[in-house]
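Everything below concerns the one structure shown next.
The values are calculated or read from the model by the stated rules, or taken from the named source; none is laboratory data. Quantities reported herein were computed from a predicted structural model and do not represent experimental measurements. FYI the Cβ positions are ideal-geometry reconstructions off the backbone, even for glycines, and counts take in every protein chain you see.
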Amino acid sequence: MDLTTAQPTSRTAGFTPSPVEPLKHQLLATLAQHRMASTHQLHVLLRPDRSRQSVSQRLNDLLDERLVDFVVLPQSHRTRVWYLTPKGARLTRDWPALRGRPPYPITSATAASLKTPHTLTVLRTHLTFVADARRRGDGHGHLDWTPEMFHSIGDGERVVADALMHYTLIDGQQRRKLRAFIEVDRATMSSERLAAKLIEYARLWTYEPQPVSRRRQAARPGWLRWYPVFPRILFVLTGASRRTMDNRISDLQAMAAHHPLVADLAREVPLGAAVLEDLDEYGPTSDVWVPLAGGKPRPWTEL
């Protein structure tokens, strides 16, 4: 089930970041939300219709103000990856658009370098949805993607999604609001550990926190505190041969078929997997998503 409401405005209104809001403000908010980004990624995300130099100039202004810093990617023609300084993190901490965002400040170039490969790949995944939304006239912007979203699943454990995505499909006068947990797999863990993530999500789906009050209350899943509908779960794979990634997707399908909790989840929640390079080439609403519950590839919106 998804949420559908009437759409009062035109199909293409409001889905590219408004130039009315200062670019420097948007750059700081984006780095606070995503932790780090390359100059190219910030250009594509915030000002695709402007020159890259206009973004670089504002980043250099923020550098002079000691609100941002950067590391240079090795063997990348001196590609800069930007992140907030402690001063920048303090400045953005209480901005309304970022309220509730867990603070994960990066305090040194060394820390930034260690986190760069995975963080930039997660953001690269986000950019495929942003580009597709712009092409279609849907709603999905630079703050509709929250990295490192975590939820308790009891016993002191928690499930951590690489990102939570908010997306609005627009069809004429109708708006359909979708949410998805995103798992980005760079083939750095075993296929078994990757598939076990589905067990964690199944535990979140069924987890009922103990009420604080002594009064009897009807048991309700804890996720209803944050979501009207349980988000779909999307695995995005990269960093290995096509055969290896196909095998990893097969292992995800096997988990969905044979683990009782995950099988129950798969009957109620859309689950899919796709290769990041296919998202780059064809877009997320192409037939590139393999349903983990079985069936032919399809768009993520139709899992």
Filtered residues of region 236-292 (kept if polar (S, T, N, Q), assigned to a helix (DSSP H, G or I) and without any contact (Cβ under 8 Å) to a residue 40 or more places away in the chain)
Ser250
Residue count, region 142-180, condition assigned to a strand (DSSP E or B) and surrounded by fewer than 18 Cβ atoms within 10 Å (Cβ to Cβ), comes to 12
Only listed residue being among the charged types (D, E, K, R), buried (at least 18 other Cβ atoms within 10 Å of the Cβ) and either on the phi < 0 side of the Ramachandran plot or assigned by TED's automatic domain parsing to the domain that holds Leu198 (or both), chosen from Asp287, Asp246, Asp278
Asp278
Top-ranked residue of region 19-47 - restricted to ones that are of a type in the set (Val, Ile, Thr) and touching a residue at least 12 places away in the same chain (Cβ under 8 Å), ranked as farthest from His118 (Cα to Cα)
Val44
Qualifying position, being surrounded by fewer than 19 Cβ atoms within 10 Å (Cβ to Cβ), modelled with pLDDT of 95 or more and outside the structural domain of Ile182 (by TED's automatic domain parsing), among Leu73, Leu63, Leu42:
Leu63
Looking only at region 25-50, which residues are under 16 Å from Leu67 (Cβ atoms), in contact with a strand residue (DSSP E or B) (Cβ under 9 Å, 6 or more places away or on another chain) and not hydroxyl-bearing (Ser, Thr, Tyr)?
Leu27, Leu28, Leu31, Ala32, Gln33, His34, Arg35, Met36, Ala37, Leu42
With (1) touching a residue at least 60 places away in the same chain (Cβ under 8 Å); (2) assigned to a helix (DSSP H, G or I); (3) buried (at least 17 other Cβ atoms within 10 Å of the Cβ); (4) of a type outside the set (Ser, Thr, Tyr) as the list, and Arg203 as the residue in question, which single condition is left unmet?
(1)
